[in-house]
Amino acid sequence: MKKFIEVVQEAGRNCVAIGHFNIADLVLLKGVFQAARELNVPVLVGASEGEREFAGTRQLAAVVQSLREEFDFPIFLNADHTHSLAKALEAVKAGFDSVVFDLSALPFAENARSTRHAIEELKSINPAVVVEGEIGDIGSGSEIHAASPSPDHALTTPEEAHQFAVETKVDTLAPAVGNLHGMRKSMVIGKERKHLAIKRIREIKSATSVPITLHGGSGTADEDLKGAIHAGINIVHINTELRLAWKQRLEAGLARRQDEVVPYKILPSAVAAVHDVVSARLRLFALQI
Ligand code: G3H
Ligand code: ZN
């Protein structure tokens, strides 16, 4: 089985991206895994600190590893948006393949210094672990946000990206390129889509030699995602779209069968909803269709 960093590098050479999908339960994991297996493309599942708190850090690692082994399939596990070294160490010790070490709320120099230190610590436990650093403000919360206009989020400059990559030695880098976490209500009903600064992605790519991750993928226009991948994005994170599909189909399933109490009869429609979202996104990211 290839290591996760090799899979990311291969995606870069092929001008495609790895899809990263957040999971907090078996319904989400099943939907993601089924879609990736059908399309036969590698996939990264992620769990934030809150998602790990809910599902169990070691338990998630065990379930993902069991899928990888039983099906001999390249499914990898990421400790998403991890804000402390202690939480990152916990995930790496549990067997996570990668960590998004997110100190982007701190001043640049402090973020760089602490990220570099964390990378040394994490790689002393597992030299193959992939550590991502975050710079710039892309908002927080994979949720439905109020319809207020989004504040102006400054784009990461190529100089900042270069400096951060050199100073920290991150394996992958997540910049602010017009992306934002979560979706506005207008995006949920399809009236608005997110757009990305494709030119800036291209500039950042040529200023750094590390793979680049796009966070906040939910609600982004397909054409922008295609353009971003061509410009150098190697991993795309999707969460809110999955949460939305999960909730909507669960509610519909419960309402339709009010006397049903058997989970494995109620939940398959939510698995199917997650599968459909992931399948459409993976076709775009990994197969360019
Ligand atoms: O790390 C997770 C993501 O960046 C997801 O963002 O909820 O806007 O898809 P999203
Ligand atoms: Zn994110």
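No value in this document is a laboratory result; all are computed from the given coordinates. A quick note: this is a predicted structure, and the numbers were derived from the prediction, not measured. Every residue, glycine among them, receives a Cβ derived from its backbone with ideal geometry; neighbour counts consider all protein chains shown.
The table that follows gives values for the structure above.
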item	result
Which numbered condition Gly139 fails, given (1) within 16 Å of ligand 2 (Cβ to nearest atom); (2) buried (at least 21 other Cβ atoms within 10 Å of the Cβ)	(2)
Among (1) surrounded by 16 or more Cβ atoms within 10 Å (Cβ to Cβ); (2) within 16 Å of ligand 2 (Cβ to nearest atom) - the single one Ala105 does not satisfy	(1)
The range 205-233: number of residues that are touching a residue at least 12 places away in the same chain (Cβ under 8 Å) and either part of a loop (DSSP other than H, G, I, E, B) or charged (D, E, K, R) (or both)	15
Residue ranges of helices (runs of 4 or more DSSP H) in the range 73-177 with at least 3 members within 16 Å of ligand 1 (Cβ to nearest atom), within 28 Å of Lys2 (Cβ to Cβ) and not aromatic (Phe, Trp, Tyr)	85-94
Leading residue by the ranking (surrounded by the most Cβ atoms within 10 Å (Cβ to Cβ)) among those in the range 3-34 that are among the aliphatic types (A, V, I, L, M) and more than 16 Å from the chain's Cα centre (by Cα)	Val27
Residues of the range 233-265 that turn out to be more than 13 Å from ligand 1 (Cβ to nearest atom), small (Gly, Ala, Ser) and crowded, with 20+ Cβ neighbours inside 10 Å, as a count	0
The range 234-262, residues that are among the β-branched types (Val, Ile, Thr) and either touching a helix residue (DSSP H, G or I) at 6+ places or on another chain (Cβ under 6 Å) or under 13 Å from Lys194 (Cβ atoms) (or both)	Val236, Ile238, Thr240
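Conditions (1) more than 16 Å from ligand 2 (Cβ to nearest atom); (2) in contact with a strand residue (DSSP E or B) (Cβ under 9 Å, 6 or more places away or on another chain); (3) within 22 Å of Phe33 (Cα to Cα); (4) in contact (Cβ under 8 Å) with a residue 60 or more places away in the chain, marked per residue:
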{"position": "Met183", "(1), (2), (3), (4)": "no, yes, no, yes"}
{"position": "Ile198", "(1), (2), (3), (4)": "yes, no, no, no"}
{"position": "Glu203", "(1), (2), (3), (4)": "yes, no, no, no"}
{"position": "Arg249", "(1), (2), (3), (4)": "yes, no, yes, no"}
{"position": "Leu254", "(1), (2), (3), (4)": "yes, no, no, no"}
{"position": "Arg283", "(1), (2), (3), (4)": "yes, no, yes, yes"}
{"position": "Leu287", "(1), (2), (3), (4)": "yes, no, yes, yes"}
